[in-house]
Structure formats: structure tokens, C-alpha cells
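Written out below as C-alpha cells is the structure these notes cover.
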Amino acid sequence: MYLCDPADPGYYVANKRQSVMTPCPAGTYNNEDAAISCITCPEGSFSSVSASTECTTASNGSYAPEGATQ
């Protein structure tokens with residue numbers, strides 16, 4: 001049996017055997033503890049850095065497709 005600490009917001013642990021938290025890549029986020037995956041930023045928002053805990057709403061007049069990084 002493997003025991004590890006739950007992942008912090010902005011990170012995930014993909015499986016029980018993984019002992020290292022992985023940062024959510026740009027274009028995704030996670031705002032909960034103990035995540036096993038990241039959430040893709042919805043259309044109209046973006047995440048330009050890894051380990052994001054939220055997506056930023058695109059500026060008025062701008063278009064951001066799902067998973068945008070800027």
C-alpha cells in the first residue's frame with residue numbers, strides 16, 4: 001500500500017502510486033485538494049501559467065477557446 005499526501009490546489013496526483021504532485025499545465029486549473037486530474041479552462045477564459053487554481057476571464061472583445069493559455 002502506498003500512502004501520500006493529497007495534492008494541493010493547482011496540482012494533481014494521477015494515481016495512488018505516484019508520490020509527487022504534478023502541477024496543472026497552462027490552460028487548465030484545479031481549485032480543490034486531493035485532485036486526480038486538472039480541469040480545462042472553459043471557453044472565454046485562460047490560464048497562462050502552470051499550477052493555476054483558477055482561470056482568468058478573457059478581456060471584453062477577446063476570444064479565448066477552451067483550454068486557452070493566453
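The values are calculated or read from the model by the stated rules, or taken from the named source; none is laboratory data. Small disclaimer: the values here were computed from a predicted structure and weren't measured. All Cβ positions, glycine included, derive from the backbone under ideal geometry; neighbour counts span all protein chains shown. Calculation scope for accessible area: heavy atoms of the full protein, side chains included, ligands and nucleic acids excluded. Shrake-Rupley method; radii C 1.70, N 1.55, O 1.52, S 1.80 Å.
Which residue, of 52, 48, is open to solvent by 50 Å² or more (accessible area, probe 1.4 Å) and among the small types (Gly, Ala, Ser)?
48
For the range 12-23, check the following and say yes or no: at least one residue is out of contact with any Leu (no Cβ under 6 Å at 6 or more places or on another chain), open to solvent by less than 70 Å² (accessible area, probe 1.4 Å), touching a residue at least 12 places away in the same chain (Cβ under 8 Å) and within 11 Å of residue 69 (Cα to Cα).
No, the range 12-23 contains no residue that is out of contact with any Leu (no Cβ under 6 Å at 6 or more places or on another chain), open to solvent by less than 70 Å² (accessible area, probe 1.4 Å), touching a residue at least 12 places away in the same chain (Cβ under 8 Å) and within 11 Å of residue 69 (Cα to Cα).
Give the residue that is most open to solvent (accessible area, probe 1.4 Å), with candidates limited to residues of the range 1-11 that are on the phi < 0 side of the Ramachandran plot and at pLDDT 95 or above.
Step by step, filter the range 1-11, then rank; the result is 11.
When only residues in the range 24-45 that are among the small types (Gly, Ala, Ser) and open to solvent by 50 Å² or more (accessible area, probe 1.4 Å) count, which is nearest to residue 66 (Cα to Cα)?
Selected residue: 37.
Do any residues in the range 28-48 that are within 19 Å of residue 8 (Cβ to Cβ) have Cβ atoms under 7 Å from those of residues that are part of a loop (DSSP other than H, G, I, E, B) and at pLDDT below 95, where the two are at least six apart or on different chains, and which pairs are they?
33/6; 33/7; 33/8; 34/6; 34/7; 35/7; 36/13; 36/14
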